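Report on the structure given below.
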Amino acid sequence: ELYIRGVNAGGYLIQEGWMCPTKSNGQNIIDQKTMISVLQERFSPEQVSNLLNAYEANWWTSEDFDNVKAKGLNTIRLPFWYKNLEDSEGEITNFSKLDWFIDECDERDIYVILDLHGAYGSQNGRDHSGDTSGINLFDSAENRSKTINLWLEISSRYKERNIVAGYDLLNEPEGNSGTTGPIQWVFYREMCQAIRDNGDEHILFLEGVWEASSMPQADAFPFSNIVYEFHEYDWPISNLGTEEGFPLHKEFVDTKISNYQEADFQIPIIIGEFNVFSNVSAWEYTLSEYEKAKIGWIFWTYKVKNYESNWGLYYGVQDLEEADVSLDSYDEILRKWSLMKTSESFILNETL
């Protein structure tokens with residue numbers, strides 16, 4: 001048995017304005033697609049590439065893998081979107097960042113879960129999918145086909161890499177209904193079949209949004225190595241202290257675990273994202289109960305810009321400079337994004 005205890009590499013390959021050091025006209029960026037469009041309007045293709053490479057090369061470095069290992073974690077979930085892998089012609093050939101990340105994990109015996117946070121057309125229209133312009137995955141045969149092809153290209157490259165724990169096929173696939181249901185189940189089967197037909201037996205993580213009832217019994221997916229994944233955010237307690245918030249969160253966790261147990265899926269379950277905000281007692285209870293129930297966990301996230309925020313294992317220094325992609329010069333954006341190394345501009349969150 002492998003018990004997953006992990007962290008998300010949030011904000012690395014796909015930025016979210018609330019947690020990443022990037023603004024546009026003084027406001028948090030809308031999404032990655034819009035941010036890149038602003039840069040493309042202002043700078044040459046080479047400059048845009050240089051800026052994005054500078055951000056990524058500093059947001060996550062070799063020392064961050066060492067930090068994860070030192071904290072006793074055994075897994076990193078790596079969010080990415082389709083644009084990360086496309087070359088200038090739109091072909092899926094740009095694997096350099098994933099190659100590097102997987103190799104660094106391999107050196108340290110840290111498993112990596114490849115998590116498609118943003119599919120073609122977007123599976124949820126959220127900023128964390130990289131595109132807030134609409135939800136155009138499930139109703140588009142073209143976007144579904146391109147997403148399957150994306151996973152086939154990934155599978156062909158990594159199907160022999162044992163340090164890759166598996167593929168998280170779609171992050172939070174809400175669709176237009178705001179939940180996971182038959183539309184997503186059918187698409188899951190198509191993706192699973194394509195990957196298995198490619199001779200790849202990696203674990204396939206299938207997400208249900210947001211309850212146990214959003215996923216069918218496991219026999220709906222007649223494939224080996226299937227894991228169900230859920231994300232848990234108890235938003236009502238996000239601003240409550242320990243004394244007031246703990247009993248409410250205890251009820252939340254107990255109910256979730258009870259629902260998973262009653263569903264009796266007969267396959268493993270992991271919590272691929274969660275956060276318990278500033279409630280230390282609730283953190284302790286949550287991790288303890290997950291482990292008792294043999295539910296693996298991966299918290300969100302490794303680092304955030306927000307000073308003293310429990311969203312990150314590391315949080316930004318108090319005077320962290322944020323790049324403004326609409327107002328700052330090329331040199332200023334490059335300078336600010338080059339200061340994002342964890343050891344230089346972030347502080348270990350001793351609470352977590």
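The values are calculated or read from the model by the stated rules, or taken from the named source; none is laboratory data. Treat the numbers as computed from the prediction; the structure is a model and nothing was measured. So basically every Cβ, Gly included, is an ideal-geometry build from the backbone, and we count neighbours across all protein chains shown. The area values use the complete protein model at the heavy-atom level, side chains included, leaving out ligands, DNA and RNA. Shrake-Rupley method; radii C 1.70, N 1.55, O 1.52, S 1.80 Å.
For the reader, a short list of remarks on this structure follows.
- Looking only at the range 108-155, residues that are open to solvent by less than 40 Å² (accessible area, probe 1.4 Å), of a type in the set (S, T, N, Q) and not in a loop (DSSP other than H, G, I, E, B) come to 4 in all.
- For first residues located in the range 49-70 and open to solvent by 50 Å² or more (accessible area, probe 1.4 Å), partners that are among the small types (Gly, Ala, Ser) and lie 6+ apart or on another chain with Cβ distances below 7 Å form the pairs GLU63/SER343.
- Top-ranked residue of the range 79-94 - restricted to ones that are acidic (Asp, Glu) and more than 19 Å from the chain's Cα centre (by Cα), ranked as surrounded by the fewest Cβ atoms within 10 Å (Cβ to Cβ): GLU89
- Looking across ILE30, ILE102, ILE76, one residue alone is hydrophobic (A, V, I, L, M, F, W, C), in contact with a strand residue (DSSP E or B) (Cβ under 9 Å, 6 or more places away or on another chain) and open to solvent by 60 Å² or more (accessible area, probe 1.4 Å). It is ILE30.
- Restricting attention to the range 1-22, the residues being at pLDDT 95 or above, open to solvent by 50 Å² or more (accessible area, probe 1.4 Å) and touching a Gly at 6+ places or on another chain (Cβ under 9 Å) number 1.
- Matching residues in the range 159-171 - criterion: being part of a loop (DSSP other than H, G, I, E, B) and open to solvent by less than 10 Å² (accessible area, probe 1.4 Å): LEU169, LEU170, ASN171
- The set of residues in the range 199-213 being farther than 19 Å from ASP115 by Cα and out of contact with any Asp or Glu (no Cβ under 9 Å at 6 or more places or on another chain) consists of GLY199, GLU211, SER213.
- Residue selected from the range 286-295 under the condition open to solvent by less than 40 Å² (accessible area, probe 1.4 Å) and out of contact with any Asp or Glu (no Cβ under 9 Å at 6 or more places or on another chain), by the criterion nearest to GLY11 (Cα to Cα): TYR290
- Residue match in the range 177-198 (condition: surrounded by fewer than 22 Cβ atoms within 10 Å (Cβ to Cβ), touching a helix residue (DSSP H, G or I) at 6+ places or on another chain (Cβ under 6 Å) and assigned to a loop (DSSP other than H, G, I, E, B)): yes
This table checks each residue for (1) modelled with pLDDT of 95 or more; (2) acidic (Asp, Glu); (3) under 30 Å from ASN310 (Cα atoms).
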position: GLN184; (1), (2), (3): yes, no, no
position: GLU201; (1), (2), (3): yes, yes, no
position: GLU207; (1), (2), (3): yes, yes, yes
position: SER213; (1), (2), (3): yes, no, yes
position: PHE223; (1), (2), (3): yes, no, no
position: PHE230; (1), (2), (3): yes, no, yes
position: PRO236; (1), (2), (3): no, no, yes
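- In the set PHE80, PHE43, only one residue is under 25 Å from ARG108 (Cα atoms), aromatic (Phe, Trp, Tyr) and at pLDDT 95 or above; that residue is PHE80.
- Identity of the residue in the range 316-352, without any contact (Cβ under 8 Å) to a residue 12 or more places away in the chain and acidic (Asp, Glu), that ends up farthest from GLU46 (Cα to Cα): GLU350
- Within the range 302-352, the residues that satisfy the criterion of being under 20 Å from ASN53 (Cβ atoms), open to solvent by 60 Å² or more (accessible area, probe 1.4 Å) and either assigned to a helix (DSSP H, G or I) or β-branched (Val, Ile, Thr) (or both) are ASP331, GLU332, ARG335, SER343, GLU344.
- Residue selected from the range 212-229 under the condition hydrophobic (A, V, I, L, M, F, W, C) and closer than 13 Å to PHE265 by Cα, by the criterion farthest from the chain's Cα centre (by Cα): ALA220
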